[in-house]
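Trainee: Sharing a structure with you now.
Quick note: the coordinates plus some simple rules give every number you see, no bench work behind them. Only a predicted model underlies this, so the values are computations on that prediction, with no experimental measurement involved. Because the Cβ atoms are built from the backbone with ideal geometry, glycine has one as well, and the counts that use them run over all protein chains shown.
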Amino acid sequence: MDTLGHLAQGFGVALTPINIVWSFVGVVLGTAIGVLPGLGPALTIALLLPLTYKVDATGVFILFAGIYYGAMYGGSTTSILLNTPGESATIITALEGNKMARRGRGGAALATAAIGSFVAGTIGTLGLTFLAPVVVDFALKFGPAEYFSLMILAFVTVSAVLGNSAIRGLASLFFGIWLGLIGVDLQTGQARFTFGVLELLDGINVIIVAVGLFAVGETLYLAARHRYGQDEILPVKDSLWMTREDWSRSWKAWLRGSAIGFPIGAMPAGGAEVPTFLSYFTEKKLSKKPEEFGHGAIEGVAGPEAANNASAAGVLVPMLTLGLPTSATAAIMLSAFQSYGINPGPQLLMTQGNLVWGLIASLYIGNVMLLVLNLPLVGLWVKILAIPAPLLYGGILVFATIGTYGISQSPIDLILLYLIGGIGFLMRKYDFPTAPVIIGMILGPLAEQEFRRAMTIAQGDVTVLFTRPLSLTLLILAALAILSPYIYRWWMQARA
Amino acid sequence: MQARSTGAIAVALGIVAVGLVVGYETTQISLSPAYSKVGPKAFPTMVSVGLVLLGLALLWQAWSGAWTAEDEDETQPADWRALGWLGFGLVFNVALIGFLGFILASTVLFASVARAFGSLRPARDLAVAFVFSAVCYLGFVKGLGINMGAGVLERLF
């Protein structure tokens, strides 16, 4: 019952008027940027990182959490009505949801997405509430060697397992780790990779990298590719009230989607793509009307949307309990912790109990606000979609300038921003994933720290990583994650 | 078998080059003997080796035609005119933000981006851009206390 007591204490924090305002601002902003194609939660939170210098930590994290959850809700509206998924996790929603909207069932699609997001978000948050203390108990036994191996596992899964190519994913990751190493080494005071540029001694700010990749790179790519034609926004003709049949086809899909999404999100692998795809194929298999799939089946919206939201809650488990971010957004939130001088990790729940439990409680509150904001007010959000692309991207680049120039009013930062934007453009064009860059940049230096700690304890003996059972297990899992597709292929060939 | 992509080969070579630069720079980190076991060079060395190996693997994939990897829609060539406008806006911004100030530099940036995205109404774009930049300036500088530097118009506020 300890957990419930902590949660009650969390609600005490989250329900203060100022924190309710932060949560509200977060979910409104999150929904808006989720609706707008081209803006995502990672970029938005990166742009808002300077708030960490002005506002207390609890308020900022409640705001960020609201943005994080809100973007999921907003994203589904866009993929249903516009068929241009804002993020990869909503591709599946676009598949069936857009077909439903074309058949004049847009209202039902929006309703099942929003209510499904609410159900899954609440279940996921419950999962977070009760799983977090358990993981912390377990994680307290970790030494530096175990941490390092755990980070290796996370590195491998976020870069090599998700995405189209393990090699390109790992290349992105190594590039990100390198960016993270630039600057003064905190243990020895040595400057590394500064190329004689004074500004680089402090390291590259994650804001610049996130904004460069997600705003500048994306804008360059879209402009070069002509992908900015005004898509047709489908009108919502039917009622937002779901029929009895809609309900009966949706609720099981919501629950199954949550059951698939939360555990996968909570694993050190993370990612919302896998659970949404899994949920989609599960629903297709179990549906009494499989022939509707591909033509607007409501289960095909309900399940993946729920899986998406539940996995978003799941991602917070390793983030808050282990300090292990498995998505770009989580990595940027982690850097916000660092900016407050808070060490994320298993001690977080104890040393920052009010912050963490307040954050978790605010997720329950945010979910309720989001349901209200998204269902009756969906017409308002659709209006945001009508902003013409030239003005939208003009605005995004002005925000990018503010985020970057506001750090230190240095043109060097802007030049760095454009360089990274150019790299982001090439990465988009040649199909390199960008999230591993951010994760590598934040997690890389932490992994180095754990590695050096482990080596100091073991007096430079690298075998310590393989002789401690838990560490060895994690490394074997990481190796399996990389090698299993190759082994599988080899095995199939050997059999044939 | 798909055609070999020169772009993909160039990208792979670029990754190898970054790996080599990282490796060279790692040797330039001066090391105190106290940290000889696992010092500030261990991780950079791993990153350097990793990048070179991954770059070589990609080079092999690109050379054999297994990786062309330009995404599905390669039928249209890149829109250089759009990139030109964007590039102009970005360069103008970085060159003149210190002199003109955030509001004017951002107005030009915004309008050039709009032009790059196919807008043919420069007057409207400039007007929207100016109002947007001024509102952003007021919101971020006065509201959130973020320093955006001085400038021609910024003095007035």
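Trainee: Taking the Cα atoms only, what angle lies between the long axis of helix B:42-63 and the longest principal axis of chain B, rounded to 10 degrees?
Mentor: On a 0 to 90 degree scale, this one is about 90.
Trainee: Using a 10 Å cut-off on Cβ to Cβ distances, tally the other chain neighbours for every residue of A:162-170 and report the average as a whole number.
Mentor: 4
Trainee: Right, here's the next one. If contacts are Cα pairs under 8 angstrom and at least 6 residues apart, what is the relative contact order of chain A in percent? Please list the in-between numbers first.
Mentor: On the way: 922 pairs, mean separation 141.5, N = 496.
Relative contact order here is 29 percent.
Trainee: So what does the Cα-only Debye profile of the protein assembly as shown read at q = 0.09, 0.11 Å⁻¹, as log10 I(q)/I(0), no solvent term?
Mentor: Normalising to I(0) and taking log10 leaves -0.76, -1.18.
Trainee: Between B:S106, B:S30, B:S133, find the one with the highest GNM mean-square fluctuation for chain B; connect C-alpha pairs within less than 10 Å.
Mentor: B:S30
Trainee: Using alpha-carbon positions, what is the distance between the centroids of the range A:328-363 and the range A:117-164, in Å?
Mentor: First find each Cα centre; the distance between them is then 14 Å.
Trainee: Taking the number of other C-beta atoms within 10 Å as the exposure measure, put B:T27, A:T321 in order starting with the fewest.
Mentor: Numbers: B:T27 12, A:T321 26.
Fewest-to-most ranking of B:T27, A:T321: B:T27, A:T321.
Trainee: What number, rounded to the nearest 500 deg cm²/dmol, is the helix-based mean residue ellipticity at 222 nm of chain A, given -39500 (n - 2.57) per DSSP H run of at least four residues and division by all its residues? Mind dumping the intermediate values first?
Mentor: On the way: 22 runs with 353 residues, N = 496.
It lands at -23500 deg cm²/dmol.
Trainee: Does the range B:80-156 classify as rounded, prolate or oblate by the C-alpha gyration tensor (a ≥ b ≥ c root eigenvalues; a/c under 1.5 gives rounded; else a/b over b/c gives prolate, otherwise oblate)? The partial results should precede the final answer.
Mentor: On the way: a/c = 2.44, a/b = 1.71, b/c = 1.43.
In terms of gyration-tensor shape, prolate.
Trainee: Moving on to the next point. Determine, for B:T6, A:T243, the number of other Cβ atoms within 10 Å of each Cβ, and report the residues in order from fewest to most.
Mentor: Working: B:T6 9, A:T243 13.
The most exposed by this proxy come first: B:T6, A:T243.
Trainee: Where does chain B land at 222 nm, in deg cm²/dmol rounded to the nearest 500, when only DSSP H runs of n ≥ 4 count, each adding -39500 (n - 2.57), divided by all residues? If you can, show how the numbers build up before the last one.
Mentor: On the way: 5 runs with 96 residues, N = 157.
One gets -21000 deg cm²/dmol as the mean residue ellipticity at 222 nm.
Trainee: Got the relative contact order for the range B:6-63 handy, in percent, Cα pairs under 8 Å and 6 or more residues apart? List each step's numbers first, then the result.
Mentor: Numbers: 54 pairs, mean separation 33.1, N = 58.
Result for the range B:6-63 is 57 percent.
Trainee: To the nearest whole number, what is the average tally of beta carbon atoms from other chains within 10 Å of the beta carbons of peptide B:133-142? Could you put the intermediate results ahead of the total?
Mentor: Numbers: counts 5, 0, 0, 5, 2, 0, 1, 6, 2, 0.
Rounded to a whole number, the mean comes out at 2.
Trainee: Related question: What full-extension length gain, to one decimal in nm, is calculated for A:V184 and A:F130 as 0.36 nm per residue of separation minus the Cα-Cα distance? Mind dumping the intermediate values first?
Mentor: On the way: separation 54, 0.36 × 54 = 19.44 nm, distance 3.96 nm.
Answer, rounded to one decimal: 15.5 nm.
Trainee: Would you please name the trypsin sites (Lys or Arg not before Pro) within the range A:233-273 that are DSSP coil residues with at most 13 other C-beta atoms within 10 Å of their C-beta?
Mentor: Details: sites: A:K237, A:R244, A:R249, A:K252, A:R256; in loops: A:K237.
Answer by residue number: A:K237.
Trainee: Using only the Cα atoms, what convex hull volume per residue in Å³ does the range A:1-73 have?
Mentor: Values: hull volume 6.4 nm³, N = 73.
Hull volume normalised by residue count: 88 Å³.
Trainee: Can you figure out the FRET efficiency of B:F99 with A:I387, using R₀ = 25 Å and their beta-carbon distance, to the nearest 0.05?
Mentor: On the way: r = 31 Å, r/R0 = 1.23.
It comes out at approximately 0.20.
Trainee: I want to check the label-to-label distance for B:L13 and A:L470. Put each point 7 Å from Cα in the C-beta direction and report it in nm to one decimal.
Mentor: With each label placed 7 Å out from Cα toward Cβ, I get 4.9 nm.
Trainee: Among A:163-169, A:361-367, how do they line up from the highest to the lowest mean number of other beta-carbon atoms within 10 Å?
Mentor: Values: A:163-169: 20.6, A:361-367: 24.7.
So the peptides A:163-169, A:361-367, ranked by packing, come out A:361-367, A:163-169.
Trainee: Then there's this: Specify the inter-centroid distance of the range A:25-85 and the range A:1-22, based on alpha-carbon positions, in whole Å.
Mentor: 21 Å
Trainee: Got the relative contact order for the range A:1-147 handy, in percent, Cα pairs under 8 Å and 6 or more residues apart?
Mentor: Dividing the mean separation by the residue count of the range A:1-147 yields 22 percent.
Trainee: Please work out how much length the chain gains when fully extended from A:L480 to A:K289, using 0.36 nm per residue of separation minus the C-alpha to C-alpha distance, in nm with one decimal. Spell out each step's value before the answer.
Mentor: Numbers: separation 191, 0.36 × 191 = 68.76 nm, distance 3.75 nm.
Fully extending the segment from A:L480 to A:K289 adds 65.0 nm.
Trainee: Mind checking A:427-435 for the average number of partner chain beta-carbons within 10 Å of each residue's beta-carbon? Can you show the working numbers first?
Mentor: Values: counts 1, 1, 8, 13, 7, 4, 0, 0, 0.
Rounded to a whole number, the mean comes out at 4.
Trainee: I would also like to ask the following. Taking the Cα centre of each part, how many Å lie between the range B:41-70 and the range A:402-432?
Mentor: Using only Cα atoms, the two centres lie 23 Å from each other.
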